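The values are calculated or read from the model by the stated rules, or taken from the named source; none is laboratory data. Please read these numbers as outputs of a predicted model, since none were measured by experiment. Note: ideal-geometry Cβ built from the backbone for every residue, glycine included; neighbour counts use all protein chains shown. The area values use the complete protein model at the heavy-atom level, side chains included, leaving out ligands, DNA and RNA. Shrake-Rupley method; radii C 1.70, N 1.55, O 1.52, S 1.80 Å.
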Amino acid sequence: MAILITLPRPSLLSADAPAFERDVAPLISARCLECHANTDPAGNLDLTTQQTLQQGGDSGPPLATTAAASLLMQRLLDGEMPPEKNGQSQALPESEIASFRSWLDAGAPWPAGRVLDPLEYTTAKRAGRDWWAWQPVRSPLVDAPPREQAIDYFIRQKLVEQHLTPAPTADRRTLLRRVTYDLVGLPPTADAVTEFERDESPEAYERVVDRLLASPQFGERWARHWLDVVRFAETNGYERDAVKPQAWRYRDWVIQAFNDDMPYDQFVTEQLAGDEVAQRSESSVIATGFLRLGTWDDEPNDPNEYQYERLEDMVHTTTTAFLAMTVKCARCHDHKFDAISQSDYYRIGATFWGGPIAHRQRQWNGGPTSEELGFDVLGWTDLSRDPTPLRLLKKGDAHRPLQVVAPGALSAVPTLEREFKSPPPESKTAQRRLQLAAWITDDQNPLTARVIVNRLWQHHFGEGLVRTPDNFGFLGDRPLHPELLDWLAADLVGGQWKLKRLHKLMVMSQTYRQSSLHPLQAEYAQQDAGNHAWWRAERRRLDAEQLRDTILLSSGRLDLRLGGPSFMAPINAEALEGLSMKSGAYQASPADETRRRSIYMFSKRALAVPFMAVFDSCDTTAPTGRRDVSTVAPQALTLLNNHWVQAECDALAARVIAAAMADEPRVTAAWRFALGRSPNDAERKFSLDYVLRMRSASSAADNPEQIVWGALCHTLINTNEFIYVD
């Protein structure tokens, strides 16, 4: 059975555009050029230019004086073209055949010098260069509201269109808990909640936001999000899983960059080319550890082929993190779904080709690096200012090299097309990465600002404006609020790429301050179950790091020291059985060191800490802009039975016992330490009754009071209120 797929009208062409551009070029590009283009067109028929069209192919000239007499129209009417695919007819709908007929009857006019290509237009099956993400950022004009109200302006427009109203403002405790977790990854203390609830001044919330943005814990929280995106780990993976010396310095660089509000364009540039920037320093060279964080096989079966595997990691991580494009899919062929050619993949790959992926692999697998870098850190630099040319590989096969590909960027943005220059005579590096960074951070790049503001929005609001934060391509989601996305992107660039001002703008908005509960929740959920219009706030579970840190904070044992080498968390012997080198392969740090924030936990690729893994900690093998969030039985069992959790509950119990002598004030202390608030009357009565029952059951134990209060504390950290943020 024939399946008719109607092409969308290209988004950039108006109704009064020339007929060829409006009606014919998109059809030829979408329907014909997959086979009839490039260096080896099917039937030797190339349809990319007027000259090659008129020349025809093996079957003769395709054009005639009328459509009825032309071979091209005969093939279309017979259903022979486009050919069947997977046993299904690709016959064109009548509207498209009519467009071809009108064009052929008019003499097949073709604009002088016009060259078509397969990646030009968006079709029903793939994105072209007219895809939304490749178009210039257009900041919509907001007539009335000032900048501080712009987010609510755009969100309310959509709500009105859908006949929805926003949820009421969240209560003050809920709001304080939400914004504190979002900005620093920890809950507010009970005293902080009480103070905020009593402060009725209009500036009270803004003062809280400013304080949190200035806190050193801000960088720790937001660095964790970025480390997910750059597949951060401190070992190589594979069987031996050797340590990457001083990888923790990159983590600390990211933390400091966020705390210092480093402009995002500088943040990008130093990670790609911190060894090549004019203000080169130890700090900027540490930033290039970004390129060294991937997995590393120290004994590949085929070293020549493996360097292309490493190249793929460079290309994939760079383009995913900064551009949200799946460029690695074009290693073997033109991208099946996006306007990314195979040449684009190798153009970007060539920017990294002068580095350690191509030479001296063993040395760069954690060996001495100060000879090239100038600093004894985990970093990246070119080993030659004139690296060996990179060749495009036929079907991605390292043993089938084709033509040399010059370094460059993606070709989907013609206005940003540029040739990479040779380095100046005094340069020791090729300076290709510096030029790639300049292309990525160009104010006119349509992707970079959109991608990072979308990442910020996702972590503040629970979902992104584009809900596939690592893929702005055809298989990703379209933006739910394209005007708002562009307004935020333009605001970022116009604000010298500073991120803290955007964080503040987002969390100060009324949209952010909504309750997660709506008076018309059931009704609205029927209309917009995914909350695409943001008619309420999203309720979110603590991630693995937040949960562990909150347990430590509740027990009073959280160590807030900043930076430095990572600690190794205790791991049960059973979990170590899978290691091939058990003897000395993993040694837990001293207990005092293991109470630091989770971002400082040593990340070993071949050995995930079980507590973190069960609560969906990040995969370290590939960029992850959005973690999986599961709800499974082992999570509840872990909070009930894990030895570390029980030990922290015992420490919390000791803290409660020390806080007061009588049961009632101890109950209040337990609630305030664990949940950041005092219990209400019903909760207090339940807790006291529970304490009495436990005391009766534990009277014969050696330390009954520790057991009693440990049980209550264990109960409190297993509540939804402890684990979720409204």
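Taking the centroid of alpha carbons for each part, segment 15-92 and segment 660-726 are 76 Å apart. Kindly express, to the nearest 10 degrees and within the range 0 to 90, the angle between helix 204-214's C-alpha long axis and the longest C-alpha principal axis of the chain. Roughly 70 degrees between the two axes. Counting only Cβ charges, +1 for Lys and Arg and -1 for Asp and Glu, the dipole size of segment 358-493 around its Cα centre is about 680 debye. The long axis of helix 247-259 is offset from the longest Cα principal axis of the chain by roughly 90 degrees. Dipole of the chain computed with +1 at Lys/Arg Cβ and -1 at Asp/Glu Cβ about the Cα centre; of 697, 520, 140, farthest Cα towards the positive end is 697.
Figure note: 171, 228 ranked by solvent-accessible area, largest first, 1.4 Å probe, ligands and nucleic acids not counted: 171, 228. Per residue, segment 640-726 exposes an accessible area of 48 Å² to a 1.4 Å probe, with every protein chain left in place. The GluC sites (Glu not before Pro) of segment 368-475 that meet both conditions, a loop assignment by DSSP and at most 16 other Cβ atoms within 10 Å of the site Cβ, are 417, 419, 426. Legend: calculated FRET efficiency, residue 172 to residue 404, from the Cβ-Cβ distance at R0 = 56 Å, rounded to 0.05, equals 0.30.
Amide H to amide H distances under 5 Å link residue 235 with 244, 605, where only residues 5 or more positions off or on other chains count and H is placed in the peptide plane.
Counting Lys +1, Arg +1, Asp -1, Glu -1, what net charge surrounds residue 190 among other residues with beta carbon under 12 Å of its beta carbon? Could the numbers behind the result be given before it?
On the way: positive: 173, 177, 672, 677; negative: 191, 195, 197.
The answer is +1.
Sparsely packed loop sites in segment 78-155 (the trypsin sites (Lys or Arg not before Pro) outside DSSP H, G, I, E and B with at most 15 other Cβ atoms within 10 Å) comprise 114, 125, 138.
Summarising the amide proton neighbourhood of residue 402: residues at separation of 5 or more, or on other chains, whose placed amide H is nearer than 5 Å comprise 392, 393, 394.
Keeping the other protein chains in place, figure out the carbon and sulfur percent of the accessible area of the chain, with a 1.4 Å probe. Could the numbers behind the result be given before it?
Numbers: 16360 of 31460 Å².
That share works out to 52 percent.
Residues of segment 548-571 falling in the label zone of residue 591, defined by backbone nitrogen less than 12 Å from a point 7 Å along Cα to beta-carbon, are absent.
As a rough guide to protection, the peptides 67-73, 609-615 ranked by mean Cβ packing within 10 Å, highest first, stand as 609-615, 67-73. Extension gain for the segment residue 697 to residue 678, taken as residue separation times 0.36 nm less the Cα-Cα distance, is 4.2 nm to one decimal.
Going by accessible surface with a 1.4 Å probe and the largest first, 598, 201 read 201, 598. The phi torsions of segment 316-322, fed into the Karplus equation with coefficients 6.51, -1.76 and 1.60 and a -60° offset, translate into couplings of 5, 5, 5, 6, 6, 5, 9 Hz, rounded to whole numbers, with Gly and Pro shown as x. Using θ = phi - 60° in the Karplus curve 6.51 cos²θ - 1.76 cosθ + 1.60, the 3J(HN,Hα) couplings for segment 45-62 round to 9, 9, 9, 8, 9, 4, 5, 6, 5, 5, 5, x, x, 4, 8, x, x, x Hz; x is entered for Gly and Pro. Dipole orientation for segment 302-361: of the candidates 304, 315, 332, 315 has the Cα lying most toward the positive pole (charges on Cβ; Lys, Arg +1; Asp, Glu -1). Ordering 427, 649, 151 by Cα displacement along the dipole of the chain toward the positive end leaves 649 in first place; charges were set at the Cβ atoms of Lys, Arg (+1) and Asp, Glu (-1). With a cut-off of 13 Å between beta carbons, the residues surrounding residue 399 carry a summed charge of +1, where Lys and Arg count +1 and Asp and Glu -1. Spherically averaged projected area of the convex hull of Cα atoms, segment 18-121: 6.5 nm². Take the Cα of residue 304, step 7 Å toward its Cβ, do the same at residue 388, and the gap between the two points is 0.9 nm. Rounded to the nearest 20 debye, the dipole size of segment 257-359 about its Cα centre is 280 debye, using +1 on the Cβ of Lys and Arg and -1 on the Cβ of Asp and Glu. Heavy atoms of the protein chains alone define the surface here; on that basis segment 136-249 has 46 Å² accessible area per residue at 1.4 Å probe size.
For residue 514, nonlocal amide neighbours, meaning residues 5 or more places apart or on other chains whose placed amide H falls under 5 Å from its own, are 170.
Using unit Cβ charges (K, R positive; D, E negative) and no other charged atoms, how large, in debye to the nearest 20, is the dipole of the chain about its Cα centre? Intermediate results must be reported in sequence, preceding the final value.
Details: 79 positive and 96 negative charges, 127 e Å.
Result for the chain is approximately 600 debye, rounded to the nearest 20.
Beyond 25 Å in Cα-Cα separation lie the following of the pairs 328/394; 428/604; 85/336; 244/394; 85/125; 125/328: 428/604; 244/394. Surface listing: 269, 715, 448 arranged by accessible area from highest to lowest gives 715, 269, 448, probe 1.4 Å.
Can you give the FRET efficiency to the nearest 0.05 for residue 278 and residue 443, using r as the Cβ-Cβ distance and R₀ = 30 Å?
Values: r = 19 Å, r/R0 = 0.64.
In this case the efficiency is close to 0.95.
Computed over protein heavy atoms with a 1.4 Å probe, the accessible surface of segment 455-604 works out to 39 Å² per residue.
In this calculation the C-beta distance from residue 114 to residue 630 is compared with R0 = 60 Å, giving a FRET efficiency of 0.70.
What order do you get for 634-645, 395-406 when each peptide is scored by the mean count of other beta carbon atoms within 10 Å, highest first?
Numbers: 634-645: 14.8, 395-406: 13.1.
Top of the packing list down: 634-645, 395-406.
Per-residue 3J(HN,Hα) values for segment 664-680, derived from phi via the Karplus relation 6.51 cos²θ - 1.76 cosθ + 1.60 with θ = phi - 60°, read 5, x, 5, 4, 4, 4, 4, 5, 5, 5, 7, 10, x, 7, 7, x, 7 Hz in sequence order (x marks Gly and Pro).
Of the chymotrypsin sites (Phe, Trp or Tyr not before Pro) found in segment 219-249, those in coil by DSSP whose Cβ has at most 16 other Cβ atoms within 10 Å are 238.
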